[in-house]
Each structure stands twice: as C-alpha cells, then as structure tokens.
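What follows is a short report on a single structure.
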Amino acid sequence: MKVMIDGKKYDAEYGEYILNVARRNAVNIPALCHSDALPGQGNCRMCIVEIVDKGRKSIVASCAYPITGEIEIVTNSERIYRIRKTIVRLLSASAPDNEYINRLRKEYDIPPETRFKVDRDGKCILCGLCVRACDEIGVSAISTVNRGTTKRVSTPFDEPSTVCIGCGACAYICPTGTIEVNEDEGRRVIWNKTFELLKCSECGEYFITREQYEYIKKRYDLADTNELLCDKCKKKGIGDKLTNVLHNVIPVQK
Amino acid sequence: MNIFKRKVKKTVLVCCGTGCLANNSFEIYKGLKKKIEDLAVNVKVRPVVKATGCNGLCEKGPIVTILPDDVFYCGVKVTDVDEIVENTVLNNKVIERLLYFDSAKGKKVRSHKQSEFYRKQLKIALRNIGQIDPGNIDDYIERGGYSALRKVLFKMSPKGVISEVERSGLRGRGGAGFPAGLKWRQCAEMDNFPKYVVCNGDEGDPGAFMDRSIMEGDPHSILEGILIGAYAVGSEKGFIYIRDEYSLAIKNMTKAIEKAAERGFLGQNIMGKGFSFDIEIVRGGGAFVCGESTALMASIEGRVGEPRIKYIHSTEKGLWGQPTVLNNVETWANIPVIINKGAGWFSRIGSKGSRGTKVFSLVGKVRNTGLIEVPMGITLREIIFDIGGGIIGSGKFKAVQTGGPSGGCIPESLLGLGVDFDSLNEVGAMMGSGGMIVMDENTCMVEVARYYLKFLSEESCGKCIPCREGIKRMLEILEDMCTGKGREEDIELLLEISETVKEASLCGLGKTAPNPVITTIKYFRDEYLAHIKDRRCPAGICRELTVYYIDRDVCRGCGLCRKGCPTEAISGEIGSRFTIDTSKCIKCGSCKEICRLNAVKVLGGAAE
C-alpha cells in the first residue's frame, strides 16, 4: 500500500511501523529508545509524528504505529518540532551528562537550563532498551524499579543478580553508555557481579563469561559441542570453509 | 392493607458498609437480631451492606431502614436498639430523634426517599445497593437477579446481545467512555481463542468510591454483567482486578463467586445451555496506573504494571496476547438492566452522546457528601446545589473538580453545564470514573494544581519521558509558585510542558495529567498572577504567601490566641488588643481556630 510522508508517496507493507518506512526512504525521524533489533518500544516519544487517518488527525509514536491503511504522515510540523524540543529540554535537565542528549540540545537550539534544578547526574534516560534486551535473551536479570520520578533500572534489591549471565547485551544496546562494564585479567564486572571469562580456543582472547557459554549451550541444545570460538574466529572459520567449498566447486585454474 | 400481612413483610435493614461498620453497625445488627428473636415476632433482620455514603449519609451512619414503611434512621447507636424494636418495629411509631434532616427542605423527613437528595437521582448501577444483603444470593435473585442471564442464554444469540448493548449507547464508565457495544463487537469478531473478559475494580482516584460500593453492596450484578459479556464475545475465562485496599469488596466478591458457582451460574454448561465460564479475582498491588487497562493486564500477567502502546486494541491483543474485553465495575453492573429493560429504555435516559446514568462520588465542601447516581446531562448546579445541598458552612462556591486527579477544575460560570462525557471534555475536564470534588473560596487553585501534580508524579509509572519528566518539572514550577518563587514566564512554560505531556505521553494517565494545570490557568489565571507578581495567595492557603493578623476592631483581648500560639508570636495585655509578630509566626492557624470572635484574619499577601 501507499503512504504519504511529508507530501511524498512511499510503499509500505501492511503492519509495518511508520518509522521503518521513513528510515528506509531516508526520511529522518529522531528516536532515542529505538533499536532495529528491538523495535516498538515507544517510550521516548521523540519519534512522534502527526497522522491523518480517514480524516482524523492524531499524534502517534512512529516507532510503534503499524500502518494498516493509506494514511498521511507529517514528520516535521511546527507542533511536532515544538514537542520534541520540550522533550529534549526535559531530558537534558535530568540527564545533563548525556552526550547524546547534549548533541540533540544543540540541534534543537536549546539554551543552557536556568529554570529547572538540574538534579540527576547520571546518563540514563530510562529508555528501557536494556531491560527489553535482557528479557528477549530470556534472562530477565534487570528490571525497572519504583515508579514515576524515582524510577530506575536495577537488579532485584540491587543485589548481584543470581540469574545474570554477564553477557553485556544491556550495555551493548544502551544508547547513552550508562551501563558500566569493566573487564580485566579474565574477569568481567557488570551489575555488581563478577564473572569469569573464557578464552577463545583459536585466538586465545577472552570473550565470553562461563555463565553465558553454559546458557547458550543449554538454550540451543549444544550439549555435545565443546567449541569455544569468539566471533572473529567463528567468522574466519566459516570463511575458510566457504573458500574450501568454492575451491572444490570451481577448481582453481593454474 | 391487612395489618397482619404488613407485619410479616417487615424487614429491618442495617447498613454494614465500611463507613457504618466503623461506627459499630454490626453490633447494632446483632442487637436488633437478638432482640427480635427473643421477642419471637415474625420480623426478619437482615444485615445490608450499603457502601460508604452511598446515600450521602455515611457521615450520618450507622443507618437502619425499616421496610415496608421505609422509615429511615441515621446516626443510630447500640443503645437505640430496644427503642427501635419496641416503637417502630412493633408499634409503627416513628422515633423523631433518629430521622434524617433534609437541609434542602429544612425539616426532618420520615423516609430518605422524600429528601431532595434522593429525588433527583436515578439508580441503575446502584439499584440494589442498600436494599439487599450482598452475602445472600437469594436477595439478588428476588430482585430479578440472573434473569438477564437466563434471557440471554435462552432467547438471545451472542450477536443479538452485542447489538442490544450497542443500541443502548452504553459507554464505558471507567474514564475514556469508549462505546461498550463496539468493544464487544471488535472482540467477538476475532477468530482467536481463548478470549478473556476483565472487570476493572482498581479504583484509585482519591476520594472516589463508586466501584467499591458496587462491589461491596451488589457483587452479583457485576458477575451477571460479566457473564453476559462473556457469552456475547465467546469467552470462557474472566478476571476481576480489585485493589487490595478494598478488603470488604474482595470478601464480598469472593463470596458472590462461590455462591454463584453453587447455583450453577458459573462453571461448566451454565443452565444447561452449553456455555461455560469461570472467573478469578486478582488483587492489585496499589499502583494507580494499574487502573489503566493495559497496565492492569500486565499486572494480571504478573509483569510490571506499565501500560503498553494501544495502537492494537486489547480486543485484538489483550491479556496474554489474546482478544480481551475490559470494562469497569459500573459498566458491567449496567448490563443486566439493559438486557432486562431493553436498549430502547436505556437509551432514552441521559444526553445525546452519553446514554444512561453515571455514578459520582460527590465530596468536598458540599453539605451532602456521598455517592449519587444521576441521569447524564444533569447540570453541575443541580448536582451540587440540589442534590449536594450547596456549600457547607458560610463559604461561596469556587470550583468543582471532576474526573479524578487528572480531571479539570470547572468554575462557577460553567455550572449550567450538562454533565456528560463530551461536555466535560470540551471544558477541559473529564468524566473519569466519576470523582467530583467541590471547592469553596478558601481553596487556592494553584495549590490544587500542585496537589494533583504531586499525586501524579508519584503515581506515573515513569515509562515514557513526557509523563515522567514533564510532570516532575511542572510540579517543580508549581511548588515554586506556592512558595513565592514563581517567575513571570512560568505560566507559559507550564502550558508548553502541558502540551508535550498531553500530546506525546503513552497512556491515558499522562495524556490527562496536565488537565488540572491547564484548566486552573484557563479559569483562574488571576490567582497564578497574584502568586507570581504580587507574591500573595488570594485564598490565604499558601503559607509563604500569607500573613496572619488580629483585627483590632474585633479583638477584645481575651488572650486565648496567645495561649494557643506555639511560637510565642502573639503579645498583648488581657483586656487590650493583641498583636502577632509576623517574624515569629509560623502560620499554623492555631490562633485562628481558637479565637471565638473570628478576630484572627489571614491576609492573602506577604508583609510589606
């Protein structure tokens, strides 16, 4: 089906999110809590757009609004800009050290904050991606705690989690680099828990925690494998295999 | 009428709702029962759970009604038991002392139904409350209970039920006012099983007790409504989500489910018609946001009570991703009546876009506080002045706040407004679940906005940024204003943040949270300006912006105020005039309370 974005027509699949269609066509919509791996969060509300559906106007979060009909979308109206600007201002007052937000601040031409108490010295904007990632992995070691203005992300009772496998997916997906991961001498510390790291049997680099290794083996039923390869070596291995296959299929001519 | 016959029918109803129970009504019930049993006369004594203040008389409880004469006693004490039995029950003599004083008429009335408070009401959802014992299923059946279920199962198709509800024009009573019939149709059309029906009993608005009273006082009507809904959409499993603080509601609901199952209204093959249904009670953990439908479903599933994006309706993907119909307690309680009396009957009540009645909990500075049920379209003036009996004390009406913490404040100029879903939205307020708080002139509107924003900042789930951060900053500004630190540009800033929170928030809580701020600015901007520019609070509420003084013309120098002052800020000789040292005064108000001559005044302006 066709949708109209800022006056131009684009193709869209039924059920596709507005943001996906826009990004595919290089229409810029800002978003903080969006990850292509974990779409449809809808927490940060930066990606709001105006839509006209059967004559009805409304403001929706483009990252989670599924296209089910031929709608008209406006991504950059004055109103939308104003609301986004307020969101950035609100965020930067609470997460002043967040570089990403500071960049946005400049982009939206927001002067230094003089009205609000700039109170939180952290970087977290509570986008929720880390919690979602942990859930999707199937571990659910972290969650949001408390409500409203006191909300934050943590492990149960702030204790080192009993189920955390130290995979670091939460830190990897965090858009603002808030989650700390410290690694040295075969150990990784994350969420107050220390993990033993295992070495790649090929290149000898530390790359995975023992818990994560066990978890993967169990989850994908790989009890018999003892293969312990890091991403690089795994890729290299596949590449080598592929080269062999190709060599056999297409004999190298001398 | 035959005297013997009347004696046989005589029934004594003792209110055992939360409010009356707290005032010892159970002892009264036991006393009456024992006395009558001892006398061995043919009179039934039944405890009746009438929820707190459902007739506006919780403050006057415990309440005893004697049928069939409908003699209505309030403020009954255990020591009155003998007199009631001997005079009224046995000899039909009315005890003048215990009758209800109707302030509108200025006299005592024999039956509550004669009072102005009662006359303007129309009870549909509250039809049985105070009339039946909620623990006794036969009481409910006697008043036509479960006949709607029978009608539906024997005579109507699921489609027929849905179109009946659609034609009735019933809109959800939980807040958003979504047409109930349409919701059911959407769910019924889904070819995806199992389907669920949910009853939202997580009433969290401060000062609201509509759903509570129905759950406590007439649980079977809710069950019957849910059963009819389940039959219509093809569901076999339901949940009732009740906030845990409502212990009596949970108790009565649990008992009702047991009794209904015993009689075959719940379980397998109900009434032999091949329809099976089971229901479970889920106790809410106390988060306000869990009254939001998707957060409530998350909570039932055992996840964090956060709302999700609703671009896909719950009727398509709700509880555990299955088609779900969720309605609130009051909506369900309306269903059996609609089925029995017909959509035509129901749709003739109320206003054009809002059919039927609405239950409100009328509280604040009105004479008759309590639960009322009125046809929609009735004006605010009728509710507050005719039913509510006007403003308590000598104060003047200032505003009425409708729709719970995120509703709006409506000023005097709009008292002629007919109350329904759309009209309230138009003036910036909302129906919400039916809270109605009346304020008099001793209310500071800036402080009111601050109070609600404080509540919402604690109850926002914190998931989306506009709601979490926006409410926090609006509260910050309002707190500054109330303490004399407001800035000139603050009003515009408040409106700017309000727009963002209203338009960009994820769920209904955030989308409505700025209402108290927007409406108070719209209708009471002067007060904001007084706080900001003049650094004074016209209503004399915000401590930092007021000053206490003693009116020299009124003071006779009794010295009581000096005794009451905790900071020794008051000085003067007995017999002469007393004065307050403003530098020592902490504005606690003790002197004002103590003074018999009303000589202590509060000036809505800081000392020069």
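Select from the stretch B:471-488 the residues that are at positive phi and within 11 Å of another protein chain (Cβ to nearest Cβ) and list them in ascending order.
Going through the stretch B:471-488, the residues at positive phi turn out to be B:484.
Listed by number, the list is empty, since nothing qualifies.
Of the residues that sit in the stretch A:111-126 and are under 17 Å from the mean Cα position of the chain (by Cα) and at negative phi, which one is farthest from the other protein chains (Cβ to nearest Cβ)? Before you say what the answer is, go through the steps one by one.
If we filter the stretch A:111-126 for residues that are under 17 Å from the mean Cα position of the chain (by Cα), which is where we start, we get A:123-126.
Pick out the ones that are also at negative phi and you get A:123-125.
On the way: A:123: 14, A:124: 12, A:125: 7 Å.
Residue satisfying both the conditions and the ranking: A:123.
Of all residues being in contact with a strand residue (DSSP E or B) (Cβ under 9 Å, 6 or more places away or on another chain) and basic (Lys, Arg) in the stretch B:312-361, which is surrounded by the most Cβ atoms within 10 Å (Cβ to Cβ)? Just the residue, please. Filtering the stretch B:312-361 for residues that are in contact with a strand residue (DSSP E or B) (Cβ under 9 Å, 6 or more places away or on another chain) and basic (Lys, Arg), the one surrounded by the most Cβ atoms within 10 Å (Cβ to Cβ) comes out as B:358. Scanning the stretch B:518-528 for residues that are more than 21 Å from residue B:430 (Cα to Cα) and in contact (Cβ under 8 Å) with a residue 24 or more places away in the chain, we see that the one that is surrounded by the fewest Cβ atoms within 10 Å (Cβ to Cβ) is B:528.
Of the helices (runs of 4 or more DSSP H) entirely within the stretch A:16-119, those holding at least 2 residues that are within 29 Å of residue B:489 (Cβ to Cβ) and of a type in the set (S, T, N, Q) occupy A:78-94. Would you confirm whether or not the stretch A:169-177 contains a residue that is farther than 23 Å from residue A:236 by Cβ, in contact (Cβ under 8 Å) with a residue 60 or more places away in the chain, touching a Lys or Arg at 6+ places or on another chain (Cβ under 6 Å) and of a type in the set (S, T, N, Q)? For the stretch A:169-177, residues farther than 23 Å from residue A:236 by Cβ, in contact (Cβ under 8 Å) with a residue 60 or more places away in the chain, touching a Lys or Arg at 6+ places or on another chain (Cβ under 6 Å) and of a type in the set (S, T, N, Q): present. Where strands (runs of 3 or more DSSP E) sit wholly within the stretch B:212-286, those with at least 2 residues that are among the basic types (Lys, Arg) occupy B:237-243. Considering only residues that are within 13 Å of another protein chain (Cβ to nearest Cβ), under 19 Å from residue A:100 (Cα atoms) and small (Gly, Ala, Ser), which ones fall in the stretch A:14-67? Scanning the stretch A:14-67 gives A:31, A:42.
Selection of strands (runs of 3 or more DSSP E) fully inside the stretch A:168-225 by the criterion of at least 1 residues being hydroxyl-bearing (Ser, Thr, Tyr) returns A:193-199, A:206-209. Go through (1) closer than 18 Å to residue B:463 by Cβ; (2) crowded, with 16+ Cβ neighbours inside 10 Å; (3) in contact with a Ser or Thr (Cβ under 9 Å, 6 or more places away or on another chain) one by one and return the number of the condition residue A:122 breaks. So residue A:122 meets the others, but not (2).
Among the residues of the stretch B:255-307, those identified as within 14 Å of chain A (Cβ to nearest Cβ) and among the β-branched types (Val, Ile, Thr) are B:289, B:294, B:304. Considering (1) in contact with a Cys (Cβ under 8 Å, 6 or more places away or on another chain); (2) surrounded by 16 or more Cβ atoms within 10 Å (Cβ to Cβ); (3) among the charged types (D, E, K, R), the lone condition that residue A:188 does not fulfil carries the number (1). Write out, first by first residue and then by second, each pair whose Cβ atoms fall under 9 Å of each other, whose residues are 6+ apart or on separate chains, and whose first residue, in the stretch A:92-115, is more than 12 Å from residue A:32 (Cβ to Cβ) while the second is acidic (Asp, Glu) and modelled with pLDDT of 90 or more. Final answer for the pair search is A:93/B:469; A:94/B:469; A:115/B:476; A:115/B:489; A:115/B:490. Considering the stretch B:489-517, and only residues there that are surrounded by fewer than 21 Cβ atoms within 10 Å (Cβ to Cβ), aliphatic (A, V, I, L, M) and closer than 28 Å to residue A:43 by Cβ, the residue that is farthest from the other protein chains (Cβ to nearest Cβ) turns out to be B:495. Counting the residues of the stretch B:487-527 that are outside any helix (DSSP H, G or I) and under 22 Å from residue B:177 (Cβ atoms) gives 5.
For beta carbons closer than 7 Å, sequence separation of 6+ or different chains, a first residue in the stretch B:439-458 that is away from chain A (no Cβ under 14 Å) and a second that is aromatic (Phe, Trp, Tyr) and not in a helix (DSSP H, G or I), the qualifying pairs are B:440/B:397. You will find that of B:415, B:424, the residue that is free of Cβ contacts under 8 Å to residues at least 40 places away in the same chain and buried (at least 21 other Cβ atoms within 10 Å of the Cβ) is B:424 and no other. Just the residues that are out of contact with any strand residue (DSSP E or B) (no Cβ under 6 Å at 6 or more places or on another chain) and closer than 10 Å to residue A:72 by Cα, please, taken from the stretch A:7-30. Across the stretch A:7-30, the qualifying residues are A:7, A:8. Checking each residue in the stretch B:215-234 for being touching a Leu at 6+ places or on another chain (Cβ under 7 Å) and more than 16 Å from residue B:157 (Cα to Cα) picks out B:216, B:224.
Within the stretch B:36-79, take every residue that is among the aliphatic types (A, V, I, L, M), more than 21 Å from residue B:387 (Cβ to Cβ) and in contact with a strand residue (DSSP E or B) (Cβ under 6 Å, 6 or more places away or on another chain) and give me the one that is modelled with the lowest pLDDT. Full working, then the answer.
Our first condition is that a residue be among the aliphatic types (A, V, I, L, M); within the stretch B:36-79, this holds for B:36, B:39-41, B:43, B:45, B:48-49, B:51, B:57, B:63-64, B:66-67, B:71, B:76, B:78.
Then drop every residue that is not more than 21 Å from residue B:387 (Cβ to Cβ), which leaves B:36, B:39-41, B:43, B:45, B:48-49, B:64, B:66-67, B:71, B:76, B:78.
When the remaining residues are screened for being in contact with a strand residue (DSSP E or B) (Cβ under 6 Å, 6 or more places away or on another chain), the result is B:36, B:45, B:48, B:64, B:66-67, B:76.
Working: B:36: 80, B:45: 60, B:48: 56, B:64: 86, B:66: 83, B:67: 78, B:76: 88.
It comes out as B:48.
The criterion of being within 14 Å of chain B (Cβ to nearest Cβ), surrounded by 15 or more Cβ atoms within 10 Å (Cβ to Cβ) and among the aliphatic types (A, V, I, L, M) does not hold for residue A:5.
When the criteria are applied in full, residue B:14 fails the requirement of being buried (at least 21 other Cβ atoms within 10 Å of the Cβ), at pLDDT below 75 and closer than 20 Å to residue B:87 by Cβ.
Residues that are closer than 20 Å to residue B:467 by Cβ, at the interface with chain B (Cβ under 9 Å from one of its Cβ atoms) and surrounded by fewer than 21 Cβ atoms within 10 Å (Cβ to Cβ): does the stretch A:94-105 have at least one? Checked against the condition, which is being closer than 20 Å to residue B:467 by Cβ, at the interface with chain B (Cβ under 9 Å from one of its Cβ atoms) and surrounded by fewer than 21 Cβ atoms within 10 Å (Cβ to Cβ), the stretch A:94-105 yields no hits at all. I need the full set of residues from the stretch A:127-160 which are part of a loop (DSSP other than H, G, I, E, B), within 9 Å of chain B (Cβ to nearest Cβ) and out of contact with any Gly (no Cβ under 7 Å at 6 or more places or on another chain), in order please. Across the stretch A:127-160, the qualifying residues are A:127, A:128, A:146.
Evaluating residue B:317 against the criteria (1) away from chain A (no Cβ under 14 Å); (2) under 27 Å from residue B:510 (Cβ atoms); (3) free of Cβ contacts under 8 Å to residues at least 60 places away in the same chain; (4) charged (D, E, K, R) leaves one unmet condition, (1).
Those residues that are among the hydroxyl-bearing types (Ser, Thr, Tyr) and within 26 Å of residue B:189 (Cβ to Cβ), I need them from the stretch B:322-358; list them, please.
In the first step, residues of the stretch B:322-358 are kept if they are among the hydroxyl-bearing types (Ser, Thr, Tyr); the result is B:324, B:331, B:347, B:351, B:354, B:357.
Once the filter is applied, which keeps residues that are among the hydroxyl-bearing types (Ser, Thr, Tyr) and within 26 Å of residue B:189 (Cβ to Cβ), the stretch B:322-358 yields B:324, B:331, B:347, B:354.
Residues in the stretch B:125-152 that are surrounded by fewer than 18 Cβ atoms within 10 Å (Cβ to Cβ) and not in a loop (DSSP other than H, G, I, E, B): B:138, B:141, B:142, B:147, B:150, B:151.
The values are calculated or read from the model by the stated rules, or taken from the named source; none is laboratory data. Fair warning: this is a prediction, and the values are worked out from it, not measured in the lab. Heads up, the Cβs are rebuilt from the backbone with ideal geometry, glycines too, and the neighbour counts pull from every protein chain shown.
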